[in-house]
Structure formats: structure tokens, C-alpha cells
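Okay, structure first, notes after.
Computed from the coordinates by the stated procedures, all read-outs in this text should not be read as laboratory data. Being a predicted model, the structure only gives us computed values, none of them experimental. Because the Cβ atoms are built from the backbone with ideal geometry, glycine has one as well, and the counts that use them run over all protein chains shown.
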Amino acid sequence: MPSPLRNRCATPHLLPGLLLGACCLNPSLALADDADLLDRPTLSGDWGGLRRELDTKGIRFTGDYSGETVYNADGGKRRSARYSQNIKLGVRFDLDRLYAADNAGVVQLTINDRRGGDGSGDLIGNRLPVQENYGGLYTRLTELSYERTLFTPDLDVKLGYMAMGNDLGGLDSGILCNFMNAGFCGHPLDMSGGSGWTNYPNARLGVGLKYNFTPAWQLRVAAFNVDPESNGNSSRAWHLTPKHTTGTVVPVELVYKRFDDLPGEYKLGWYYDSSEAKRIGSNETVSGRGGHYLLADQAVWHAQDLPGQSLHLFGQAAVASSAASPFTKWYSVGVVLQQPFASRPRDTLALGFGRAVPNPRSREVQEQTAQANGQDFPNLDNAERLVELSYGFQATPWLLLRPDLQYILEPGAFSGQDISNALVLGLQVKMSL
């Protein structure tokens with residue numbers, strides 16, 4: 001039976017969530033000067049100078065809220081709306097400043113809370129979540145890590161309890177989070193779908209290394225524990241140690257960045273999970289699952305008379321194990337226009353297209369099951385496709401409003417169901433607390 005929370009529509013308990021995040025950061029928020037509210041970088045402000053003083057001493061508090069409301073206007077499973085939200089609170093300890101030491105490192109502590117309803121599961125029936133912040137609806141520890149340089153300023157080491165996707169598998173520029181669908185914002189989803197790869201907010205014990213060959217070239221290598229029984233398990237929300245280790249996932253990533261008038265970022269990555277997994281369509285197991293990916297973000301134009309106005313092209317190509325992953329390929333391309341209007345220096349306009357390919361072996365299993373039950377299998381294409389258009393309106397330095405339009409083609413490609421194409425209207429709200 002679906003949970004009552006998933007059946008709630010878009011009338012959100014938004015205010016309590018916002019007050020929770022704001023009050024955790026600043027109990028005196030209600031006394032803030034209204035004249036300063038629209039200009040400050042964060043909703044809760046400088047706390048009467050305390051926040052800036054702590055930052056100077058090496059203690060930095062951060063907080064973010066995101067709320068995503070979607071309405072399925074046509075197609076899919078049924079018309080209705082869903083709302084989901086994410087609150088992230090963190091504190092960063094700069095040990096160099098705190099102890100007047102050289103290269104003492106940095107400690108990061110982050111907690112996360114998610115609530116809300118599932119637009120894709122309840123309303124559309126597709127694989128690529130139309131709300132990137134839906135999933136894992138509970139409060140959890142998402143990072144407790146230590147980072148410093150080692151032997152040389154060019155080598156950085158980070159270890160602890162963290163999401164491997166924080167530093168690997170995504171574009172550092174953050175350009176893909178100008179979209180609301182999780183297929184764009186974050187990392188290619190076939191990574192986590194077909195291996196022990198974990199993205200935020202799911203965290204694991206691990207260690208990562210970054211080595212700078214030059215300012216433009218960097219190599220990243222990491223190793224993370226694989227623990228499927230703890231993934232998305234609320235009873236493990238505050239447990240750093242694994243419950244049942246099945247193996248280790250090792251990603252390797254080569255990064256190239258351009259820093260000229262047309263900046264760019266390129267990542268070539270490979271990963272391997274040593275865990276055993278069941279071969280799709282068989283009772284046999286395979287030892288190890290892996291994949292590779294290519295990510296790119298390149299500025300192709302900038303206005304000579306309007307600093308900040310530029311056009312970026314991006315692309316993703318990711319391939320996962322065909323033996324054990326239900327999601328074998330992901331491709332996406334798109335454009336992002338920064339500062340679309342001279343009077344809106346921090347706004348963005350984004351258009352993207354993505355294609356997610358199910359494993360043919362999974363499709364064979366679905367067809368065989370339908371035939372065994374005397375049912376007809378729908379005439380499906382071979383992929384779920386996504387078109388998304390969004391506009392990021394930076395209302396204040398701390399408040400972003402993002403009207404969003406998504407069109408999902410063949411939502412039932414992964415489930416083997418005949419579901420009509422869906423038109424989804426959305427609004428994303430982001431706040432720096």
C-alpha cells in the first residue's frame with residue numbers, strides 16, 4: 001500500500017520546513033532588518049556579526065533548502081501534483097585557522113533531511129526522477145570527512161564518511177543543476193543503478209585522492225565501501241560503519257579544465273565495483289560490475305559588451321555493465337545561457353535532451369514474463385527520453401525560483417508498460433540559509 005506521504009499532493013508543509021532550517025542557523029531571524037533582507041547573501045544573514053566572526057576564526061556554517069513541486073498536466077499515469085523538499089545543514093572546521101597550524105586540514109560535518117511525494121513514481125511511471133531531490137525521506141548524516149594536502153600541495157587526500165558523487169562523476173561547474181530532473185542534475189544515473197556507486201545524500205566510508213599535474217590537468221582516484229543493505233535505509237541514518245559489505249567500488253577520473261575567455265571542463269571516468277551481482281535473466285552471478293563515462297561543459301560564446309553573458313554547451317555519455325545493470329546507457333546534450341538579459345546578471349536559461357537505455361536483457365525478461373502469463377507485451381521503443389526547459393530567476397542573492405517544463409517520452413520503457421508521453425510543469429525553489 002502506498003504510504004500516506006506519497007499520496008499527498010502539492011499543498012506542502014513548506015513553512016515548518018523553512019523555519020526548521022532557518023532557526024537551526026539563526027534563532028534571532030525574526031529580528032532581522034527588513035531593509036537588509038533582499039541584499040544579504042543568505043536568508044538568516046550575518047547573525048549580528050557572529051557568523052562572519054566564526055568564519056574568520058575557521059568555523060563556517062552553511063545551510064540550503066530546495067523545494068520542488070511538479071504537476072503532471074498530460075499523459076503518464078494520472079493528473080495530479082507532488083511536492084518534495086531537501087534541507088541541508090553543515091559546518092566546516094578550518095583547522096589551520098582554529099589552531100594556527102600549517103596544513104592541519106579541514107573537517108566537514110553535514111546532515112540532511114528529505115520529505116515529500118514522488119512525482120515520477122506516483123504520477124508518471126518513468127525511470128528518470130522529475131524531482132532531483134526526492135528519495136531517502138528521512139534525516140541522516142551525509143558527511144563527516146577530513147581533508148588536507150599530502151606530501152606536496154599538488155596532492156589532496158580526503159577520507160571519512162561521504163558520498164562519492166560529491167567529488168566524482170559530475171561536472172564541478174554545477175551547470176547540470178540548472179535543471180530539475182535527476183537525469184541531468186547530479187550524475188549519470190546508470191552509475192548508481194548498476195553498481196555500488198552512491199550519490200548525495202547516500203554516504204559511505206571511503207578515501208579519495210586528487211593530484212594536479214598542471215593547473216589544467218588533474219587525476220582523481222578513490223575507493224569506497226559497498227553496502228547495499230544500508231543504502232536508503234533509515235535505520236542506518238547515523239551509522240558510519242557498514243552493515244554488510246559486499247565489495248569496494250573504485251572510480252578513476254581524468255579532469256581537464258580550460259581557463260581562458262571560453263572556459264570548459266572535461267571528465268573521462270572509469271569505475272569498478274568488486275561486488276558479486278546476479279546476472280540479469282539468469283541465476284548466475286557475475287564478479288564485478290563497472291562502467292565508464294565522458295562529461296563535458298564548454299563555453300562557446302560570450303558577449304563582448306556584457307561581461308557574464310555566455311552560452312555553454314554540455315554533454316554526457318555513460319555506459320554501465322550489460323550483465324548486471326538494468327540501466328546500461330545514458331546520453332544527454334544541452335545548452336545553458338547565462339545572463340539571458342542585461343538586467344538579470346545571475347539568471348539562466350537552460351534546454352536539455354536526455355536518453356536512457358534499458359538493458360536489453362531486462363526487456364527480454366519482461367517479455368518472457370508477459371508471455372508466460374498469457375499477456376501481450378506493449379510495442380515499446382528502446383529508451384526513455386527527456387526534454388527539459390527551465391529558467392532560473394535569481395530573485396535575491398539567497399533565493400532562486402526556477403519555473404520548469406519537462407516532456408517525458410515513453411515513460412514505461414524501463415517498466416515494460418504502455419504509458420503515454422507525459423508533460424510535466426514544475427517549480428523549483430532554492431534558498432541559501
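Can you put MET180, MET162, MET431 in order of Cβ neighbours within 10 angstrom, beginning with the fewest? Taking fewest neighbouring Cβ atoms as first place, the list is MET431, MET162, MET180. Estimated from the Cβ-Cβ distance and a Förster radius of 41 angstrom, the FRET efficiency linking LEU98 and LEU219 is about 0.85.
Comparing ASN166, ASN103, ASN133 in a Gaussian network model of the chain, where Cα atoms under 10 Å apart are tied by springs, the biggest mean-square fluctuation is seen for ASN103. Of TRP238, TRP398, the sequence from fewest to most neighbouring Cβ atoms within 10 angstrom is TRP238, TRP398.
Going from the residue with the fewest nearby Cβ atoms within 10 Å to the one with the most, THR245, THR369 rank THR369, THR245.
For the chain, modelled as a GNM whose springs connect Cα atoms under 10 angstrom apart, the maximal fluctuation among ASN72, ASN233, ASN202 occurs at ASN233. The lysine pair tally for the range 14-432, using Cα distances under 18 Å and a gap of 8 or more places or different chains, is 6.
For mean projected area of the Cα convex hull in nm², the candidate list reads [x] 22.6; [y] 28.0; [z] 19.4; the entry that matches the value derived from this model is [x]. Annotation for the range 117-217: chymotrypsin sites (Phe, Trp or Tyr not before Pro) lying in DSSP loop with at most 12 further Cβ atoms inside 10 Å of their Cβ are PHE151, PHE213. Taking each DSSP H run with n ≥ 4 as -39500 (n - 2.57) and averaging over every residue of the chain yields -3000 deg cm²/dmol at 222 nm. Of the DSSP H helices in the chain, those with a Cα length along their own long axis of 15 Å or more and a mean Kyte-Doolittle hydropathy reaching 0.5 comprise 14-25.
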